[in-house]
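Structure, as structure tokens:
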Amino acid sequence: MKSGIASIEDVDLTRSLHAQRPMKFECFVPAIVVSVATSAILVAPAALADSPLTSTPFASAYHDVEIVRYTAEWGLDDRVLAVLGSPEIPNDIRAAIVNQIGWSNEPQANAERYLAYLASQKNIEPSQMTLALLTPEETFAMGYLLAMDRRFSLNAPIGGSGEVEQTNALELLDLAVAEAPRDFSIIMIRALVQSQREFREGPKNWCAVYQVVNSAISNFSGDRNMRPEAVKTIMDYIGIYRHECVSASY
């Protein structure tokens, strides 16, 4: 179950960053304008427990969709496991389902559960699952679920001896993008997960948190299959990091 309480690891990261660099805020807010001498500057982001994957609850833009509301109530049950890979579900709703499942301060293994479910449908062991056996929809869902499970260590796979078990979240999402290169929802989620990696690298990479997602939007020329409200929710947080690019130029 998703929690809004700051995790110990998120807090520890922010404290370590505080030691590296003077922070311009003292309370948990996305952005504040403060006056320093005679100029106004935007407060640095990364308040306690903020991160791209934990501060972008865009599923709220899809609460009129029954399966998203169902997921909010029941979580990752058998029905949701089955729906996640359905080709009848648009990818923006698929993303909203995973976003609704969310993250936890406690260890979670939703990607592992999903892999076990997919393997059971084929009457094989999870270790026998190969990337070729995943549909594009399943690859996308698996990648986003695993990113939520491993937001502190995105290079970590599910774990095990099988091909899918040894593939990490960004590798799965790269494959999903390759399979559907004109799908805006997949591109956005892949960018969001990449921005999480940049965030975890610390202040030197905070400009990239903004650049990765902003570039995914500005460089996409096709039809966006994600609701504007969902994109706005993402950018309301990601946009905070834009001033890091200005700061880096001095």
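Restricting attention to segment 149-200, the residues that are hydroxyl-bearing (Ser, Thr, Tyr) and either in a loop (DSSP other than H, G, I, E, B) or more than 19 Å from Ser55 (Cα to Cα) (or both) total 3. The requirement of being of a type outside the set (A, V, I, L, M), surrounded by fewer than 24 Cβ atoms within 10 Å (Cβ to Cβ) and at pLDDT 95 or above is not satisfied by Ser195.
Residues in segment 197-221 that are touching a residue at least 60 places away in the same chain (Cβ under 8 Å) and closer than 21 Å to Ala61 by Cα: Val213 only.
If you scan segment 167-192, which residues turn out to be open to solvent by less than 10 Å² (accessible area, probe 1.4 Å) and within 14 Å of the chain's Cα centre (by Cα)? Before you say what the answer is, go through the steps one by one.
In the first step, residues of segment 167-192 are kept if they are open to solvent by less than 10 Å² (accessible area, probe 1.4 Å); the result is 169-170, 172-173, 176, 184-186, 188-189, 191-192.
Within segment 167-192, Ala169, Leu170, Leu172, Leu173, Ser185, Ile186, Met188, Ile189, Ala191, Leu192 qualify.
When the criteria are applied in full, Met129 fails the requirement of being without any contact (Cβ under 8 Å) to a residue 40 or more places away in the chain, surrounded by 14 or more Cβ atoms within 10 Å (Cβ to Cβ) and within 25 Å of Val212 (Cα to Cα).
Quick one: which residue in Val209, Val164 is within 24 Å of Glu138 (Cβ to Cβ) and open to solvent by less than 20 Å² (accessible area, probe 1.4 Å)? Full working, then the answer.
Numbers: Val209 fails: within 24 Å of Glu138 (Cβ to Cβ).
Just one listed residue meets the conditions, Val164.
Of Gly75, Gly160, Gly85, all but one fail to be at positive phi and under 20 Å from the mean Cα position of the chain (by Cα); the exception is Gly75. Taken over segment 83-124, the residue count meeting the criterion of being free of Cβ contacts under 8 Å to residues at least 12 places away in the same chain and either small (Gly, Ala, Ser) or crowded, with 16+ Cβ neighbours inside 10 Å (or both) is 3.
Taking each residue of segment 222-242 that is free of Cβ contacts under 8 Å to residues at least 60 places away in the same chain and looking for partners that are acidic (Asp, Glu) with beta-carbon atoms closer than 9 Å, six or more apart or interchain, yields Gly222/Asp183; Arg224/Asp92. Cβ-Cβ contacts under 9 Å between residues 6 or more apart (or on different chains), taken from a first residue in segment 166-179 that is within 13 Å of Leu115 (Cβ to Cβ) to a second residue that is part of a helix (DSSP H, G or I) and hydroxyl-bearing (Ser, Thr, Tyr), are listed as Ala169/Tyr144; Leu172/Thr139; Leu172/Tyr144.
The values are calculated or read from the model by the stated rules, or taken from the named source; none is laboratory data. None of these values were measured; they are calculated from a predicted model. Neighbour counts are summed over all protein chains in view; Cβ atoms, including those assigned to glycine, are modelled from backbone coordinates with ideal geometry. Side chains included, ligands, DNA and RNA excluded: accessible areas come from the protein's heavy atoms. Shrake-Rupley method; radii C 1.70, N 1.55, O 1.52, S 1.80 Å.
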